[in-house]
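These notes concern the structure reproduced below.
The values are calculated or read from the model by the stated rules, or taken from the named source; none is laboratory data. Predicted model only: the values in this text are computed from it and were never measured. With ideal geometry, Cβ positions are generated from the backbone for all residues, glycine too; neighbour counts draw on all protein chains shown.
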Amino acid sequence: MKQQITVTVNGVQYTSEVEPRLLLVHYLRDVLNLTGTHVGCDTSQCGACTVIMNGSAVKSCTVLAVQADGAEITTIEGLAKDGQLHPLQEGFWEMHGLQCGFCTPGMIMTAYDLLQKNPNPTEEEIRHGLEGNLCRCTGYQNIVRSIQYAADKMRGAAAAAGGE
Amino acid sequence: MAVTKMFGASVKRREDPRMITGRANYTDDVRLPGTLSLVILRSPYAHARIKSINVEKARQMPGVVAVYTGKDLVDSLAPVPCAWLPPNSDLKVPEYRALAVDTVRYVGDGVAAVVAENRYQAQDAAAAIEVEYEMLPAVVDQEKATQDGAPQLYADVPNNTAFVWRLAGGDIDAALRDADVVVSQRLINHRLIPTAMEPRAAVAHYNPGSGELTLWCTSQNPHIHRLLMSAVTGIPETKIRVIATDVGGGFGSKIPFYAGEMIAVAISKDLGRPVKWVEDRRENFVATTHGRDHIDYVDVAAKQDGTITGIRVKAYANMGAYLSTAAPGVPTWLFGLMLSGPYKIPNISVEVHGVLTNTTPTDAYRGAGRPEATYVLERMMDLVADRLGMDPVEVRRKNFIPKEEFPYTVATTLQYDSGDYEAALNRALEIVGYEQFRKEQEAARAQGRLLGIGFSTYVEVCGLAPSQAAGAMGFQGGLWESATVRVHPSGKVSVFTGSNPHGQGEETTFAQLVADELGVPLDDVEIVHGDTGRIPFGMGTYGSRSTAVGGSALIYAARKVRDKGAKIAAHLLEVSPDDIVFDQGRYYVKGAPDRVKTFQEVAGAAYLAWNMPEGVTPGLEETHFFDPINNTYPFGTHVCVVEVDPATGKVQFLRYVAVDDVGNVINPMIVDGQVHGGIAQGLAQAVYETAVYDENGQLLSGSLMDYALPTASMVPTYEVDRTVTPTPVNPMGLKGAGETGTIASTPAVVNAIIDALKPYGITHLDMPLTPQRIWQAIQESQKGS
């Protein structure tokens, strides 16, 4: 018995009929064709499927699509605005925060949530904040630097906006 | 050697924009209309006879299109091949069916396959298949498997021994007899699970009209996949296109040719529809190859002054239930040949027993044999130092091959290309402040604090070559690499490489090489890889070979292009080709730099072909197949500093210093990244990761909850530095950098922890050095005192 859901993803509203058991990550990937969100484990450990739902990071392999009814969701595809990379995307590129790239969308979305809650994190806070996301390539050091880069840039932008 | 602007520059990666915006195209991202979803039902038992399989209920389930058992695929699929067959080892390759026919031999062995309109339906149907098993006794330990009375996996493989391989140089018996001391130790190099973040996947699309198969799959070596797929299905190579452009990490586990992609192809061919198979993480744990899993008995002969005169190793390598694609080569050649390390050891003997057990097959995992050899040597160096009361650094230094003696042939017959082992060691000692540390350690010990320092002075072999050597080792392939450099009429350049980077960044470093060679802007160079429909036959990416071998191929292809361009430019400028100078994308007349044709003008002229020199054909495109004369031998020193909490056994990393020498470096940022990731993996073996089977063959560490993949807060900050000793075996003087970190770090970490535990008289513990294991060892040492 399918259910109707209405979800806003990256600013676009979608209405779909879905099976109650359909996972949000499969809804994003298979129904909306947003394949930037990856499935690394489907048991909530790796974090590759992390998206922002109603302002907070969630692992979309552990959310049913029907639970996202009425929600606002941001995926990796929705992070750049007007052709401008988000400071986190820029940071990962500048600081070599990715190698194979598979964990990267989830890392960036988790970091987005982290910096929203703590705009000036210490290295330890960043490492702790990433504990739900696994990367097998980088050894994490450059991921930490990528997030520090973004934090500095975002704070700079916020300060400039505040000063105007 | 041309070291120009791009060579040596930390250029930002050109792969990244698609990956940071979610627009990469991994196999699971491929979408074809009408695709069926494939789910493989796997054995829950390690060893059992299949008495019956009832698929009727599954066939009736919603969305199900077909269900297959092992018997259904016997005619359409030949057995899963093994492609590394070491000679003179009494090798027995057991039959490995894509789906088991009568007997399952490990938890994860395929039993049946279901295709349905979507994955949820296929999973439901797989759960409805009724399989009746008759349990058989299982064996998981490779030593026990060789003993009399052990359960036998195959009637025709006595004592479960698939091969016994030997290599010897010098006279080990004499060395052991004449030694001042013989230091012996049993070392376990435990089993690891590669755990690339992208699970394996395949999308098979067989077109019944044209007879063509397109296969997207997670492969480090798409042409090897094409060749083997042709062999097992009978579809001609000319009709198969394998695409593996974006691959989410491999670490060796995506070299092998697996049952999963074979089944997807067979079903697509049978049904005439695209079939997608994506393993879930549980399947990745049980059905993707594992790595390491050695038990090594080691005897080292030494003189009182620390000179090592010989090493003897008897190894039991756990191969799992079947021999995977490259598996027999890993514990034999890739291990045994490297048992001299960076040291002059005149007498070496190694005997390796490859043993079949009721476990997931093992194969290459980052480093593949070389970490095992390095672990043996570096652990033994510390044990020898301990026995002789010497500083572990001095034992190493005493035995190093001196830099003046390169090229140097070790007792295992390898000829090392170049090296300066002391320089890297000295640099590492300087960074870590060795003398000062020993003072701090002494002071800390007086306060009951356990500080430790561990060294690993390693050498590894990369860019395996030449192909003739591959043949002698029984590797069923060449070890050359190919490249085509195609200049378009506009002067833009496409490079088609047989290497297949999957995180290593060669879309960037290869473009740097070509930009230098042809003097064109980096943005004008595209690197095409991972698509057998576009690239020349290539061997793929593994063994840190891509840049050393594949990069060399493209350098030579680019130089052929440049030379042809010079002939055309000379003709257009009405001078002899000998009078043409090429510099930064411009061909000009010697002594008259204003008489010039740009590379782009020459490219245009080559395609118009209105006015070509005599004997020069139109177009501007060259291919080169490069087979190096020798391997390369990167080396270095890694140092780890730890503090162990005696109350809990917990290890805290205080420093991690890596000084690697990978020869010349194209892109330092990328090389540093490779080193970081390698250290994390090797360090994780030392203290976190281990594959645990119970005695019935159940994988207890079969999920990311149970297998301790490190998170960001579990690893230290890496202090990375380099020395530079170019290799003479390729035109760039570089050696390869993909595996150094993994090879070096494991023994550095273990040695540091054992050093910290020295006050307790502990000289060795097997990995992983978990708090529990350390704490127990401390308790036991105190019981005895």
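Quick notes on this structure:
- If the condition is being in contact with a strand residue (DSSP E or B) (Cβ under 7 Å, 6 or more places away or on another chain) and either surrounded by fewer than 24 Cβ atoms within 10 Å (Cβ to Cβ) or assigned to a strand (DSSP E or B) (or both), then region B:342-358 contributes B:Tyr343, B:Pro346, B:Asn347, B:Ile348, B:Ser349, B:Val350, B:Glu351, B:Val352, B:His353, B:Gly354, B:Val355, B:Leu356.
- Considering the conditions (1) free of Cβ contacts under 8 Å to residues at least 24 places away in the same chain; (2) in the same structural domain as B:Ile743 (by TED's automatic domain parsing); (3) more than 26 Å from B:Val724 (Cα to Cα), B:Gly471 is excluded by exactly one of them, (2).
- Taken over region B:695-721, the residue count meeting the criterion of being part of a helix (DSSP H, G or I) and either more than 10 Å from chain A (Cβ to nearest Cβ) or buried (at least 17 other Cβ atoms within 10 Å of the Cβ) (or both) is 2.
Conditions (1) touching a residue at least 40 places away in the same chain (Cβ under 8 Å); (2) assigned to a helix (DSSP H, G or I); (3) within 14 Å of another protein chain (Cβ to nearest Cβ), marked per residue:
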site	(1), (2), (3)
B:Val11	yes, no, yes
B:Ile50	yes, no, no
B:Lys57	yes, yes, no
B:Val67	yes, no, no
B:Val101	yes, no, no
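- Where a residue in region B:662-678 is more than 8 Å from chain A (Cβ to nearest Cβ) and its partner, wherever it lies, is among the acidic types (Asp, Glu), with Cβ under 7 Å and at least six apart: B:Val675/B:Asp660
- Some residue of region B:634-642 being surrounded by fewer than 21 Cβ atoms within 10 Å (Cβ to Cβ) and on the phi > 0 side of the Ramachandran plot: no
- Single match in A:Arg136, A:Arg127, A:Arg145, A:Arg155 (criterion: among the basic types (Lys, Arg) and buried (at least 23 other Cβ atoms within 10 Å of the Cβ)): A:Arg136
- Within the option set B:Ile235, B:Ile243, B:Ile255, being closer than 25 Å to A:Cys103 by Cβ, touching a residue at least 24 places away in the same chain (Cβ under 8 Å), among the β-branched types (Val, Ile, Thr) and surrounded by fewer than 24 Cβ atoms within 10 Å (Cβ to Cβ) holds for one residue only, B:Ile243.
- Within the set B:Tyr96, B:Tyr106, the sole residue that is closer than 25 Å to B:Leu228 by Cβ, of a type in the set (Ser, Thr, Tyr) and touching a Pro at 6+ places or on another chain (Cβ under 6 Å) turns out to be B:Tyr96.
- Positions within region B:741-780 being touching a residue at least 60 places away in the same chain (Cβ under 8 Å), part of a helix (DSSP H, G or I) and among the acidic types (Asp, Glu), in sequence order: B:Asp755
- Answer from A:Lys81, A:Lys59 - the residue that is more than 8 Å from chain B (Cβ to nearest Cβ) and within 20 Å of A:Asp152 (Cα to Cα): A:Lys81
- Any chance B:Gly682 is assigned by TED's automatic domain parsing to the domain that holds B:Thr457, under 22 Å from B:Val459 (Cβ atoms) and either part of a helix (DSSP H, G or I) or among the hydroxyl-bearing types (Ser, Thr, Tyr) (or both): yes
- The conditions of being within 22 Å of B:Thr27 (Cβ to Cβ) and either more than 8 Å from every other protein chain (Cβ to nearest Cβ) or loosely packed, with under 15 Cβ neighbours inside 10 Å (or both) are met by A:Asn33.
- The strands (runs of 3 or more DSSP E) found wholly in region A:10-114 and carrying at least 1 residues that are at pLDDT 95 or above and among the charged types (D, E, K, R) occupy A:12-18, A:56-59, A:72-74.
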